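Participant: Below is one structure. I have some questions about it.
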């Protein structure tokens, strides 16, 4: 915990501190929903403005048609009046001779206006409006959905990856190259069956999901870049690991000095991980229902943080399903 937070706690009762934190979180929730309301209000106004422009465009076309009709009607009335005046004159041979010329002079070219689309279809303006707005909303989602892969250079030698480096399995019989311990890759894990992600985080907020369906054991979360690659005296928060694990049918938060059992009515098939570097927190969710599972306060971390994965061993053939990075289709 930061020094200033410790000092603040010493000066105020615990309940006063809690109340202050609840108020801060309430303010944050309201701010996030205000951003969503603002986004929806802007989208609504954009759609209504598009509707108004289409309405004004059609009204303008109708007014122009009416204006042309009126002008041609006046020309036609004038021609009719001219003909009537001439016809009221005496029926003389001179009138008969001039009738052809008169008709030609009074001729009115009536131009039929082009047809217009009189139908106004709601699909042009409404349609699948919720889906359309959701697609627009994707560009403003925060945090960004991180598109991650595994880093084989950090992986335990018994781990095998898919071609896309998004799926990992443990293979106990995997043939290993002869490697001199003195020449061992210092980034590679050689005790725990784990691997880190290919992307490091130092600031901002990030979210990713891990598919754990069909597995009887796994461990996922966040780790410091400098965690030991060999055996640790404690593979918990003490050594820079903030993880959840599944063992013997129970989900455990790997806290120090002992693990904390996570209450979950059903075992998740996919785990969501939310890393907030600025607030120094990492939280876990059932990614299908987005139900919170557990949150860690990390404290100040001065080195990069990496996604951490451990598919665990095969558990006598019961844990052969892969551990996979799931990329949500938004």
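Participant: Most exposed first by the Cβ proxy, i.e. fewest other Cβ within 10 Å, how do 156, 27 rank?
Facilitator: Exposure proxy ranking, most exposed first: 27, 156.
Participant: At 0.36 nm per residue, minus the direct Cα-Cα distance, what do residue 78 and residue 23 gain on full extension? Give it in nm, one decimal, please.
Facilitator: Values: separation 55, 0.36 × 55 = 19.80 nm, distance 8.03 nm.
Full extension from residue 78 to residue 23 adds 11.8 nm.
Participant: If you average the C-alpha positions of the stretch 23-72 and of the stretch 233-257 separately, how far apart do those two centres end up, in angstrom?
Facilitator: Taking the Cα centre of the stretch 233-257 as reference, the centre of the stretch 23-72 is 52 Å away.
Participant: Please rank 71, 252, fewest neighbouring Cβ atoms within 10 Å first, as an exposure proxy. Please report the intermediate quantities before stating the final value.
Facilitator: Numbers: 71 10, 252 18.
By the 10 Å Cβ count, ascending, the order reads 71, 252.
Participant: Please work out how much length the chain gains when fully extended from residue 162 to residue 55, using 0.36 nm per residue of separation minus the C-alpha to C-alpha distance, in nm with one decimal.
Facilitator: So the chain would gain 33.1 nm between residue 162 and residue 55.
Participant: Using 0.36 nm per residue of separation minus the Cα-Cα distance, give me the extension gain between residue 172 and residue 63 in nm, one decimal.
Facilitator: 31.2 nm
Participant: Between residue 31 and residue 250, what is the FRET efficiency for a Förster distance of 41 Å, r being their Cβ-Cβ separation, to the nearest 0.05?
Facilitator: Computed FRET efficiency for residue 31 and residue 250: 0.70.
Participant: Sorting 18, 218 on the 10 Å Cβ count, fewest up front, what's the list?
Facilitator: Values: 18 11, 218 22.
The order, fewest Cβ neighbours first, is 18, 218.
Values quoted throughout were computed directly from the atomic coordinates according to the rules given, and no laboratory measurement underlies them. The shown structure was predicted, so the numbers you read here are calculated from the model rather than taken from an experiment. Positions of Cβ are backbone-derived with ideal geometry, glycine not excepted, and every protein chain shown enters the neighbour counts.
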